[in-house]
Amino acid sequence: MNLTSTDITAAPLVLRPGDAGYTEETSGFQTGFVRRPAVVFGAASAEDVVAAVRYAAERNLPLGVQATGHGTPGDFEGGVLVGTRRMNRVTVDPAARTARVQAGVRWSEVVAAAAPHGLAPLNGSAPSVGAVGYTLGGGLGLLAREFGYAADHVRSLDVVTGDGRLHRAVREDSELYWGLLGGGGGLGIVTELEMGLVPVARLYGGSLAFDGRLVDPAAALAAYEAWTRTVPNGLTSSFAALPYPDVPAMPPHLRGRYEVSVRVAYTGTDGERLVAPLREIGPVLADSLREMPYTENHTVHSDPDFP
(Lines give C-alpha, C1' and ligand atoms only; values in the text may rest on other atoms or scores of the structure.)
Protein backbone atom coordinates (compact mmCIF):
# COMPACT_ATOMS: atom_id res chain seq x y z
CA MET A 1 0.00 0.00 0.00
CA ASN A 2 1.54 3.31 -1.09
CA LEU A 3 0.15 6.17 1.01
CA THR A 4 1.86 9.53 0.61
CA SER A 5 1.87 12.86 2.47
CA THR A 6 0.44 12.07 5.91
CA ASP A 7 2.27 9.06 7.33
CA ILE A 8 -0.24 6.48 8.54
CA THR A 9 2.13 3.53 8.76
CA ALA A 10 1.96 3.72 12.55
CA ALA A 11 -1.83 3.32 12.58
CA PRO A 12 -2.83 -0.08 14.02
CA LEU A 13 -5.08 -0.94 11.09
CA VAL A 14 -5.51 0.51 7.60
CA LEU A 15 -7.82 -1.36 5.22
CA ARG A 16 -9.08 -0.99 1.66
CA PRO A 17 -11.88 -2.87 -0.13
CA GLY A 18 -10.82 -6.46 -0.67
CA ASP A 19 -8.51 -6.57 2.35
CA ALA A 20 -9.12 -9.24 4.97
CA GLY A 21 -11.22 -7.72 7.75
CA TYR A 22 -12.61 -4.87 5.63
CA THR A 23 -16.20 -6.15 5.71
CA GLU A 24 -16.10 -6.73 9.46
CA GLU A 25 -14.61 -3.30 10.07
CA THR A 26 -17.26 -1.48 8.01
CA SER A 27 -20.30 -3.42 9.20
CA GLY A 28 -22.39 -2.16 12.08
CA PHE A 29 -25.52 -2.80 14.10
CA GLN A 30 -27.75 -1.33 11.38
CA THR A 31 -27.46 -4.01 8.70
CA GLY A 32 -29.74 -2.13 6.29
CA PHE A 33 -26.88 0.23 5.41
CA VAL A 34 -23.87 -0.71 3.28
CA ARG A 35 -20.72 1.28 3.95
CA ARG A 36 -18.06 1.32 1.20
CA PRO A 37 -15.26 3.71 2.20
CA ALA A 38 -12.07 3.71 0.15
CA VAL A 39 -9.92 3.56 3.29
CA VAL A 40 -10.67 2.42 6.83
CA PHE A 41 -8.58 3.56 9.77
CA GLY A 42 -8.93 1.32 12.81
CA ALA A 43 -7.95 3.95 15.38
CA ALA A 44 -6.53 3.00 18.78
CA SER A 45 -5.64 6.53 19.93
CA ALA A 46 -6.34 10.20 19.37
CA GLU A 47 -3.14 10.37 17.33
CA ASP A 48 -4.55 7.75 14.94
CA VAL A 49 -7.67 9.88 14.50
CA VAL A 50 -5.49 12.92 13.76
CA ALA A 51 -3.67 10.92 11.05
CA ALA A 52 -6.97 9.83 9.49
CA VAL A 53 -8.43 13.35 9.45
CA ARG A 54 -5.28 14.81 7.90
CA TYR A 55 -5.20 12.03 5.30
CA ALA A 56 -8.80 12.78 4.28
CA ALA A 57 -8.27 16.55 4.27
CA GLU A 58 -5.17 16.39 2.09
CA ARG A 59 -7.12 14.41 -0.52
CA ASN A 60 -10.43 16.25 -0.13
CA LEU A 61 -12.16 12.97 0.74
CA PRO A 62 -15.44 12.66 2.70
CA LEU A 63 -14.88 11.46 6.26
CA GLY A 64 -17.05 9.36 8.56
CA VAL A 65 -16.68 7.84 12.01
CA GLN A 66 -18.13 4.68 13.52
CA ALA A 67 -17.92 3.21 16.99
CA THR A 68 -20.68 0.58 17.18
CA GLY A 69 -22.69 1.30 14.03
CA HIS A 70 -26.03 1.80 15.78
CA GLY A 71 -26.61 5.13 14.05
CA THR A 72 -27.19 5.83 10.38
CA PRO A 73 -23.94 6.30 8.44
CA GLY A 74 -22.89 9.58 6.91
CA ASP A 75 -22.15 10.10 3.23
CA PHE A 76 -18.56 8.88 2.99
CA GLU A 77 -18.84 6.58 -0.03
CA GLY A 78 -15.36 6.35 -1.53
CA GLY A 79 -13.93 8.33 1.38
CA VAL A 80 -12.40 7.59 4.76
CA LEU A 81 -14.02 5.78 7.68
CA VAL A 82 -12.53 6.08 11.16
CA GLY A 83 -13.40 3.11 13.36
CA THR A 84 -13.04 3.87 17.07
CA ARG A 85 -14.10 0.59 18.67
CA ARG A 86 -10.53 -0.11 19.80
CA MET A 87 -10.58 3.10 21.87
CA ASN A 88 -12.35 1.52 24.83
CA ARG A 89 -10.76 2.89 27.99
CA VAL A 90 -13.02 3.95 30.90
CA THR A 91 -11.66 5.77 33.97
CA VAL A 92 -13.93 6.51 36.94
CA ASP A 93 -13.18 9.13 39.61
CA PRO A 94 -15.58 8.17 42.43
CA ALA A 95 -14.76 11.25 44.53
CA ALA A 96 -15.55 13.65 41.69
CA ARG A 97 -18.38 11.40 40.42
CA THR A 98 -17.04 11.49 36.89
CA ALA A 99 -16.02 9.07 34.17
CA ARG A 100 -13.66 9.63 31.25
CA VAL A 101 -14.61 7.47 28.28
CA GLN A 102 -12.90 7.01 24.94
CA ALA A 103 -14.74 7.15 21.64
CA GLY A 104 -15.39 3.42 21.25
CA VAL A 105 -16.69 2.72 24.76
CA ARG A 106 -20.11 1.08 25.03
CA TRP A 107 -22.60 1.91 27.76
CA SER A 108 -22.29 -1.55 29.30
CA GLU A 109 -18.63 -0.79 30.02
CA VAL A 110 -19.41 2.54 31.70
CA VAL A 111 -22.16 0.99 33.82
CA ALA A 112 -19.83 -1.80 34.95
CA ALA A 113 -17.02 0.63 35.85
CA ALA A 114 -19.29 3.00 37.83
CA ALA A 115 -21.37 0.40 39.69
CA PRO A 116 -18.77 -0.61 42.34
CA HIS A 117 -18.81 3.00 43.54
CA GLY A 118 -22.61 3.24 43.80
CA LEU A 119 -22.70 5.45 40.71
CA ALA A 120 -24.36 5.29 37.31
CA PRO A 121 -24.07 7.07 33.96
CA LEU A 122 -27.07 8.54 32.14
CA ASN A 123 -27.11 5.73 29.62
CA GLY A 124 -29.77 4.67 27.19
CA SER A 125 -31.74 1.47 26.91
CA ALA A 126 -29.24 -0.61 24.88
CA PRO A 127 -25.94 -1.55 26.56
CA SER A 128 -24.15 -2.08 23.23
CA VAL A 129 -24.63 1.51 22.05
CA GLY A 130 -21.56 3.76 22.04
CA ALA A 131 -21.51 6.17 24.98
CA VAL A 132 -19.90 9.09 23.13
CA GLY A 133 -22.12 9.07 20.04
CA TYR A 134 -25.23 8.67 22.17
CA THR A 135 -24.26 11.60 24.39
CA LEU A 136 -23.41 13.89 21.45
CA GLY A 137 -26.95 13.31 20.19
CA GLY A 138 -28.42 14.56 23.47
CA GLY A 139 -29.09 11.25 25.17
CA LEU A 140 -32.61 10.96 26.58
CA GLY A 141 -32.19 7.84 28.68
CA LEU A 142 -33.52 5.64 31.45
CA LEU A 143 -33.18 8.30 34.17
CA ALA A 144 -33.95 11.35 32.03
CA ARG A 145 -36.99 12.61 33.90
CA GLU A 146 -34.94 12.94 37.08
CA PHE A 147 -31.51 13.90 35.74
CA GLY A 148 -32.08 15.32 32.25
CA TYR A 149 -30.14 14.63 29.07
CA ALA A 150 -26.80 12.84 29.10
CA ALA A 151 -25.36 15.85 27.26
CA ASP A 152 -26.23 18.05 30.25
CA HIS A 153 -23.63 16.18 32.31
CA VAL A 154 -20.64 16.46 29.97
CA ARG A 155 -17.67 18.24 31.55
CA SER A 156 -15.22 18.25 28.64
CA LEU A 157 -14.61 16.77 25.19
CA ASP A 158 -11.37 15.96 23.39
CA VAL A 159 -12.01 16.49 19.67
CA VAL A 160 -10.03 16.37 16.44
CA THR A 161 -11.26 19.16 14.17
CA GLY A 162 -11.16 19.25 10.39
CA ASP A 163 -7.70 20.81 10.31
CA GLY A 164 -6.30 17.72 12.03
CA ARG A 165 -5.73 19.38 15.41
CA LEU A 166 -6.68 17.95 18.80
CA HIS A 167 -8.60 20.30 21.11
CA ARG A 168 -10.16 20.06 24.56
CA ALA A 169 -13.57 21.74 24.67
CA VAL A 170 -14.99 22.66 28.09
CA ARG A 171 -18.28 24.15 29.21
CA GLU A 172 -16.89 27.39 30.57
CA ASP A 173 -15.03 28.88 27.62
CA SER A 174 -15.68 27.08 24.38
CA GLU A 175 -18.22 27.60 21.60
CA LEU A 176 -16.93 24.29 20.27
CA TYR A 177 -18.25 22.61 23.43
CA TRP A 178 -21.78 23.84 22.79
CA GLY A 179 -21.61 23.07 19.09
CA LEU A 180 -20.59 19.47 19.70
CA LEU A 181 -23.45 18.89 22.15
CA GLY A 182 -26.44 19.19 19.87
CA GLY A 183 -24.95 20.85 16.80
CA GLY A 184 -25.80 17.91 14.58
CA GLY A 185 -22.29 16.73 13.71
CA GLY A 186 -19.60 17.87 11.32
CA LEU A 187 -17.48 19.81 13.82
CA GLY A 188 -14.91 17.08 14.40
CA ILE A 189 -14.35 13.60 15.81
CA VAL A 190 -14.62 13.32 19.58
CA THR A 191 -11.92 10.98 20.88
CA GLU A 192 -12.76 11.17 24.59
CA LEU A 193 -15.19 12.90 26.91
CA GLU A 194 -15.62 13.41 30.63
CA MET A 195 -19.12 12.96 32.00
CA GLY A 196 -20.73 13.36 35.39
CA LEU A 197 -22.17 10.29 37.12
CA VAL A 198 -25.20 10.14 39.39
CA PRO A 199 -25.55 8.38 42.78
CA VAL A 200 -27.79 5.51 41.69
CA ALA A 201 -27.04 1.89 42.60
CA ARG A 202 -30.47 0.26 42.22
CA LEU A 203 -33.77 0.62 40.38
CA TYR A 204 -37.33 -0.50 40.50
CA GLY A 205 -37.92 -1.19 36.85
CA GLY A 206 -38.92 -3.40 33.98
CA SER A 207 -41.93 -3.49 31.70
CA LEU A 208 -45.62 -4.34 31.60
CA ALA A 209 -46.75 -5.78 28.28
CA PHE A 210 -50.29 -6.16 26.95
CA ASP A 211 -51.68 -7.95 23.91
CA GLY A 212 -52.48 -5.24 21.35
CA ARG A 213 -55.32 -7.40 20.01
CA LEU A 214 -57.04 -7.48 23.42
CA VAL A 215 -56.57 -3.84 24.49
CA ASP A 216 -57.27 -0.65 22.56
CA PRO A 217 -53.81 0.89 21.99
CA ALA A 218 -55.25 4.41 21.82
CA ALA A 219 -57.04 3.96 25.14
CA ALA A 220 -53.89 2.42 26.64
CA LEU A 221 -51.85 5.40 25.50
CA ALA A 222 -54.38 7.83 27.00
CA ALA A 223 -54.32 5.94 30.30
CA TYR A 224 -50.52 5.95 30.30
CA GLU A 225 -50.33 9.70 29.55
CA ALA A 226 -52.70 10.47 32.41
CA TRP A 227 -50.69 8.23 34.73
CA THR A 228 -47.42 10.05 33.97
CA ARG A 229 -48.92 13.21 35.46
CA THR A 230 -49.34 11.50 38.84
CA VAL A 231 -45.86 10.07 39.42
CA PRO A 232 -42.73 11.77 40.81
CA ASN A 233 -39.80 12.93 38.68
CA GLY A 234 -37.74 10.00 39.92
CA LEU A 235 -39.83 7.73 37.69
CA THR A 236 -38.92 7.74 34.01
CA SER A 237 -41.10 5.73 31.64
CA SER A 238 -41.90 5.12 28.00
CA PHE A 239 -44.77 3.68 25.98
CA ALA A 240 -44.49 1.45 22.91
CA ALA A 241 -46.92 -0.20 20.52
CA LEU A 242 -44.98 -2.61 18.31
CA PRO A 243 -46.07 -5.18 15.75
CA TYR A 244 -43.40 -7.91 15.71
CA PRO A 245 -42.78 -9.72 12.41
CA ASP A 246 -43.31 -13.46 12.21
CA VAL A 247 -39.69 -14.25 11.32
CA PRO A 248 -37.17 -16.70 12.81
CA ALA A 249 -34.98 -13.88 14.20
CA MET A 250 -37.74 -12.96 16.67
CA PRO A 251 -37.98 -14.77 20.02
CA PRO A 252 -40.84 -17.32 19.86
CA HIS A 253 -43.00 -15.45 22.39
CA LEU A 254 -42.91 -12.29 20.22
CA ARG A 255 -43.27 -13.69 16.69
CA GLY A 256 -46.32 -12.27 14.94
CA ARG A 257 -47.53 -10.49 18.06
CA TYR A 258 -48.76 -6.91 18.43
CA GLU A 259 -47.51 -5.79 21.81
CA VAL A 260 -48.38 -2.67 23.80
CA SER A 261 -45.97 -2.02 26.66
CA VAL A 262 -44.93 0.47 29.31
CA ARG A 263 -41.30 0.52 30.44
CA VAL A 264 -40.38 1.93 33.86
CA ALA A 265 -37.16 2.99 35.64
CA TYR A 266 -37.63 4.38 39.15
CA THR A 267 -35.00 5.38 41.69
CA GLY A 268 -37.48 5.49 44.60
CA THR A 269 -38.66 2.70 46.89
CA ASP A 270 -42.47 2.65 46.42
CA GLY A 271 -42.52 1.46 42.85
CA GLU A 272 -45.15 -1.25 43.27
CA ARG A 273 -47.65 1.29 44.57
CA LEU A 274 -46.95 3.76 41.78
CA VAL A 275 -47.34 1.29 38.92
CA ALA A 276 -50.56 -0.30 40.25
CA PRO A 277 -52.82 1.85 37.99
CA LEU A 278 -51.00 0.58 34.92
CA ARG A 279 -52.12 -2.97 35.61
CA GLU A 280 -55.70 -1.81 35.03
CA ILE A 281 -55.02 -1.16 31.34
CA GLY A 282 -55.91 -4.75 30.57
CA PRO A 283 -54.80 -8.37 30.91
CA VAL A 284 -51.05 -8.41 31.45
CA LEU A 285 -49.16 -10.43 28.87
CA ALA A 286 -45.75 -10.15 30.54
CA ASP A 287 -44.52 -8.46 33.71
CA SER A 288 -40.82 -7.93 34.44
CA LEU A 289 -41.16 -5.13 37.03
CA ARG A 290 -38.89 -5.71 40.02
CA GLU A 291 -36.14 -4.33 42.23
CA MET A 292 -32.77 -4.67 40.51
CA PRO A 293 -29.17 -3.50 40.75
CA TYR A 294 -28.42 -0.79 38.24
CA THR A 295 -26.15 -3.20 36.39
CA GLU A 296 -29.35 -4.94 35.19
CA ASN A 297 -30.89 -1.74 33.78
CA HIS A 298 -30.67 -3.16 30.24
CA THR A 299 -33.51 -5.54 31.09
CA VAL A 300 -35.97 -2.65 31.32
CA HIS A 301 -36.23 -2.44 27.53
CA SER A 302 -34.54 -5.74 26.65
CA ASP A 303 -33.29 -4.34 23.34
CA PRO A 304 -31.79 -6.99 21.05
CA ASP A 305 -28.03 -7.34 21.31
CA PHE A 306 -27.55 -8.65 17.79
CA PRO A 307 -27.54 -6.74 14.46
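Give, as a single signed number, the net charge of other residues whose beta carbon lies under 9 Å from the beta carbon of Leu285, with Lys and Arg counted +1 and Asp and Glu -1. Provide the component values of the computation, followed by the final result.
Values: positive: Arg257; negative: Asp211, Glu259, Asp287.
Taking every other residue near Leu285 into account, the sum is -2.
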May I ask for the net charge around Thr295, where only other residues with Cβ less than 12 Å from the Cβ of Thr295 are counted and Lys, Arg are +1 while Asp, Glu are -1?
-> -1
Residue order for Tyr149, Tyr258, Tyr224, Tyr134 - accessible surface, 1.4 angstrom probe, largest first = Tyr149, Tyr258, Tyr134, Tyr224
Heavy-atom accessible area of Ser302, protein chains in place, probe 1.4 angstrom, given in Å² to nearest 10, is 80 Å²
Rank these residues by their accessible area, most exposed first, probe 1.4 Å: Phe76, Phe147.
-> Phe147, Phe76
Measuring from the lowest to the highest alpha carbon on each principal axis, how far does the range 170-224 reach, largest first, in angstroms?
-> 54, 31, 19
Cut-off 10 Å between beta-carbons: net charge of the residues surrounding Ala131, Lys and Arg +1, Asp and Glu -1 | 0
Per residue, the convex hull volume that the Cα atoms of the range 72-230 enclose (Å³) | 168 Å³
For the range 3-116, what is the Kirkwood estimate of the hydrodynamic radius, computed as the reciprocal of the mean inverse distance between distinct Cα atoms, to one decimal in Å?
-> 15.0 Å
In whole angstrom, how far apart do the alpha carbon centroids of the range 108-127 and the range 230-306 sit?
-> 20 Å
Given the peptides 174-181, 262-269, arrange them by the average over their residues of other C-beta atoms within 10 Å, most packed first.
-> 262-269, 174-181
Any idea what % of Cα-Cα pairs in the range 160-307 are farther than 20 Å?
-> 61 percent
Can you list the GluC sites (Glu not before Pro) in the range 27-104 that are in a DSSP coil and have 15 or fewer other beta carbons within 10 angstrom?
-> Glu77
How large is Rg over Rh for the range 259-307, taking Rg from the Cα atoms and Rh as the Kirkwood inverse mean of 1/r across Cα pairs?
-> 0.98
Which percent of the Cα-Cα distances in the chain go past 31 Å?
-> 39 percent
Could you give the C-alpha radius of gyration of the range 65-155 expressed as a fraction of 2.2 N^0.38 Å, taking N as the number of residues it contains?
-> 1.12
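Nothing charged except the Cβ atoms of Lys and Arg (+1) and of Asp and Glu (-1): what's the magnitude of the dipole of the range 183-271 about its Cα centre? Round to the nearest 20 debye.
That gives the range 183-271 a dipole magnitude of about 180 debye.
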What accessible surface, in Å², does a 1.4 Å probe find on Thr299, ignoring ligands, DNA and RNA and rounding to the nearest 10?
-> 40 Å²
Averaging over all projection directions, find the projected area of the Cα convex hull of the range 40-100 and quote it in nm² with one decimal place.
-> 5.1 nm²
Rounded to one decimal in nm, the spacing of the 7 Å Cα→Cβ label points at Leu242 and Glu272 is 2.8 nm
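The values are calculated or read from the model by the stated rules, or taken from the named source; none is laboratory data. Everything numeric here is computed off the predicted structure, so don't read it as measured data. So basically every Cβ, Gly included, is an ideal-geometry build from the backbone, and we count neighbours across all protein chains shown. What goes into the accessible areas is simple: the full protein's heavy atoms, side chains included, and nothing from ligands, DNA or RNA. Shrake-Rupley method; radii C 1.70, N 1.55, O 1.52, S 1.80 Å.
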